[in-house]
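Input: a single structure, listed below in structure tokens.
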Amino acid sequence: HVAQPVVALNAGELEVVLSVIAPLGDSVARAPLRLVAVLDKSGSMDGEKLRLVVETMCFMLKHLTERDSVGFVEYGSEVSVLAPLTRCDSAGKARLEQCLRRMKAGGQTNLSGGLLRGIELHGQDVSPQRRAK
């Protein structure tokens, strides 16, 4: 909301601070999510880049509920399912995070293969719950 209209007569720079407040949503009201993340683990992702991808995915997991499902496809030269579609209850989140933290960079960049495998994984059933070992 701007209290007064802003009209510039001459070219110049205008700095504005805008604050937006969204109403709190009811997490039960939203539809369950079914996500497949296709992750680049090629050699160019070594070090900080891959660490940030892993941390971002772990951050995302913290905000999902047991109604949501996530799967991971990784690609370098080869494409593989890092984690099948998994329900995001506490045990599922722990398994997904373990899979992410085992990622190692290497290989070339087979993006098209990764995307195609991600689309295929998205159409599969959520994996059955297994007991943690």
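Evaluate the relative contact order of the stretch 39-125 (contact order divided by residue number), counting alpha-carbon pairs under 8 angstrom at least 6 apart; express in whole percent. Before the final figure, lay out each step's value.
Numbers: 138 pairs, mean separation 33.7, N = 87.
Over the stretch 39-125, the number comes to 39 percent.
Let me make sure I get this right: for the stretch 71-130, a, b and c are the square roots of the gyration tensor eigenvalues over alpha carbons, sorted descending. Under 1.5 in a/c it's rounded, otherwise prolate if a/b > b/c, else oblate. Which is it? Write down the numbers at each step before the final one.
Numbers: a/c = 3.58, a/b = 1.47, b/c = 2.43.
Oblate, because a/c is 1.5 or more while a/b does not exceed b/c.
With every protein chain kept in place and ligands, DNA and RNA left out, what is the accessible area per residue of the stretch 74-133? Probe 1.4 Å, answer in Å².
Ligands and nucleic acids excluded, the result is 65 Å² per residue.
How much of the pair distance distribution for the stretch 31-130 lies past 20 Å, counting alpha-carbon pairs only, in percent?
Cα-Cα pairs in the stretch 31-130 separated by more than 20 Å: 33 percent.
Taking 0.36 nm per intervening residue step and subtracting the Cα-Cα distance, what contour gain separates S127 from D46 on full extension?
26.2 nm
At a Förster radius of 41 Å, what calculated FRET efficiency corresponds to the Cβ-Cβ distance of S80 and A31, to the nearest 0.05?
It comes to 0.90.
Highest mean first, how do 112-122, 54-64, 70-80, 36-46 rank when packing is the count of other Cβ atoms within 10 Å averaged over residues?
For the peptides 112-122, 54-64, 70-80, 36-46, the packing ranking is 70-80, 36-46, 112-122, 54-64.
Distance in nm between label sites at L116 and Q98, each 7 Å beyond Cα in the beta-carbon direction?
Once both label points are built, they end up 3.2 nm from each other.
The values are calculated or read from the model by the stated rules, or taken from the named source; none is laboratory data. Keep in mind the model is a prediction, meaning the values are calculated, not measured. When we count neighbours, we look across all protein chains shown, and the Cβ atoms used for this are built from the backbone with ideal geometry, even at glycine. We work out accessible area using only protein heavy atoms, side chains counted, and drop any ligands, DNA or RNA first. Shrake-Rupley method; radii C 1.70, N 1.55, O 1.52, S 1.80 Å.
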